[in-house]
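See below for the structure under consideration.
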Amino acid sequence: MADIPVYLVAGFLDAGKTNFINGVLQDGFARQGRTLLICCEEGEEAYDPDALQNVSVVNIENEEDLKCSACKEWEKQYKPDQVLIEYNGMWGIDRLFQDVLPANWVLYQIMSFVQAETFDLYAKNMGQLMMEKIKNADMLVFNRCTPELKDALRKRNLRMVNRRAEIWLENDDGTSENYLTGNESPFDLNQEVIDIPDEDFGVWYVDVMDHPERYAGKMTHMKLVMAHSKRFPGVHCPGRFAMVCCANDVQFLGFIAKGMNLNQYRDRDWIEVTGRMAVEKHEAYQGKGPVMHVISIAPCEKPAEEVVTF
């Protein structure tokens, strides 16, 4: 049975999903071959009828009606070359991964859309639903951005939520710009030892992960929680716990460290370390990433705020 690529378009109501799909249907990959479009949410915008010549549309009103057996029946009926899903923002994505998509329906790309002016509201009131759309996205678009909203979004350090996604900020006139500006590091790199304050670890982590070359050869000092990788035995990956969006969204932000005496500390021990940063290839990074070569290490008291916030 041939694989069928699936493209998932996620986001809450009025986030711009239908407009994006119209563009894909008119000028994008959906012009090639037969497309099955599964619509799970009816918004104010409609699909362009002129773009539906080679598209079969299935409308789903209830979440329980979107199931694996139905997908298999649609595959037999419409014989699609690819599938587009406009997903309901109030439905969890995990169920789609685990129970809905047939084995030969291969999820190629997740594109999430967010109306910038309502982001804070949804994040506060439906944090888990909002964050899973962002975490799983391969492309993330914030639309209807004003200069003030763009500044606010950049201050949220959304790269902490999803490090692999392309993130775009779309203006009212339809133009867009990259979420990353390429600005210089927020830390003074000319110091002999770059001291990372407890409350600024998250800012440093974003910067060193996005621009590890900035810190290559630099001495850094910070407090960390010890962690030893279970997936990569023998690899030490100290870091900090961080609350990225809400209290239910605490993640561990770790990076690779090398040096003597690291194995003398247990997971969750607090340590104070000084080390020289490098950029090295490692399978844990699936490529190159920051590595600290520890020069000094000692136990320490935990900071007043154990969890980093943004």
C-alpha long axis of helix 17-27 to longest principal axis of the chain, angle in °:
70 degrees
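Can you send over the carbon and sulfur percentage of the accessible area for the chain, probe radius 1.4 Å, protein chains only?
On the way: 7300 of 16000 Å².
Ligands and nucleic acids excluded, carbon and sulfur reach 46 percent.
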Based on the Cα gyration tensor of the range 88-184, what are the three equivalent ellipsoid semi-axes, each the root of five times an eigenvalue, rounded to whole Å and given largest first?
25, 15, 12
Quick one: Cα centre-to-centre distance for the range 1-70 and the range 246-310, in angstrom?
43 Å
Testing the spin-label approximation: label points 7 Å from Cα along Cα→Cβ at Lys230 and Met1. State their distance in nm.
3.2 nm
Rounded accessible area of Asp138 (nearest 10 Å², 1.4 Å probe)
50 Å²
If you count only protein heavy atoms and use a 1.4 Å probe, how large is the accessible surface of Tyr78, to the nearest 10 Å²?
70 Å²
If I histogram all Cα-Cα distances within the range 1-112 using bins 10 Å wide from 0, what percent of pairs lands in each bin?
14, 52, 32, 2
dims of the range 199-310, Cα set, principal axes, largest to smallest, nearest Å -> 33, 30, 28
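The values are calculated or read from the model by the stated rules, or taken from the named source; none is laboratory data. Computed from a prediction, not measured in an experiment: that's the story for all the values here. Neighbour counts are summed over all protein chains in view; Cβ atoms, including those assigned to glycine, are modelled from backbone coordinates with ideal geometry. Just the protein is used for accessible areas: all its heavy atoms, side chains included, with ligands, DNA and RNA removed. Shrake-Rupley method; radii C 1.70, N 1.55, O 1.52, S 1.80 Å.
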